[in-house]
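Since the structure comes first, as structure tokens, the remarks are kept for the end.
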């Protein structure tokens with residue numbers, strides 16, 4: 001999967017208390033940078049393509065990453081691009 005040169009507004013960035021307690025500031029920053037660059041992380045090819053399409057059509061964007069300790073976390077940017085949320089899958 002090729003990383004697309006994307007750039008979009010993150011809007012207001014928020015993080016759930018659970019994610020805040022499990023991720024380092026560096027992991028949060030790197031995840032946000034990858035997400036905003038169109039590197040959707042640990043998604044399958046179909047989900048990766050769905051995000052690429054959503055980027056062009058203005059729908060919600062979802063990325064999945066792993067922390068240095070192997071913990072999965074998600075980043076979701078709303079279709080309106082008004083907010084981006086960092087969360088753990090169990091927070092959804």
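The values are calculated or read from the model by the stated rules, or taken from the named source; none is laboratory data. Keep in mind that this is a model prediction, so the values were computed, not measured. Glycine gets a Cβ as well: all are built from the backbone with ideal geometry, and neighbour counts include every protein chain shown.
Filter the stretch 60-92 for residues that are assigned to a loop (DSSP other than H, G, I, E, B) and surrounded by fewer than 14 Cβ atoms within 10 Å (Cβ to Cβ); which is modelled with the lowest pLDDT? Restricting to residues being assigned to a loop (DSSP other than H, G, I, E, B) and surrounded by fewer than 14 Cβ atoms within 10 Å (Cβ to Cβ), the top hit is 92. Out of 66, 12, one residue alone is out of contact with any helix residue (DSSP H, G or I) (no Cβ under 8 Å at 6 or more places or on another chain) and farther than 17 Å from residue 85 by Cβ. It is 66.
Of all the numbered requirements in (1) surrounded by fewer than 18 Cβ atoms within 10 Å (Cβ to Cβ); (2) out of contact with any strand residue (DSSP E or B) (no Cβ under 7 Å at 6 or more places or on another chain); (3) within 14 Å of residue 81 (Cα to Cα), residue 53 misses one, and that requirement is (3). Taking first residues from the stretch 25-52 that are touching a residue at least 24 places away in the same chain (Cβ under 8 Å) and at positive phi and partners that are surrounded by fewer than 17 Cβ atoms within 10 Å (Cβ to Cβ) and outside any helix (DSSP H, G or I), the Cβ contacts under 9 Å between residues at least 6 apart in sequence or on separate chains come to 38/3; 38/4; 38/5; 38/6; 38/7; 38/8; 41/66.
Taking residue 22 as the residue in question, decide whether it is surrounded by 13 or more Cβ atoms within 10 Å (Cβ to Cβ) and under 14 Å from the mean Cα position of the chain (by Cα). Taking the combined requirement at face value, the residue does not satisfy it.
Of the residues making up the stretch 20-38, those that are under 15 Å from residue 66 (Cβ atoms) and part of a loop (DSSP other than H, G, I, E, B) are 23, 24.
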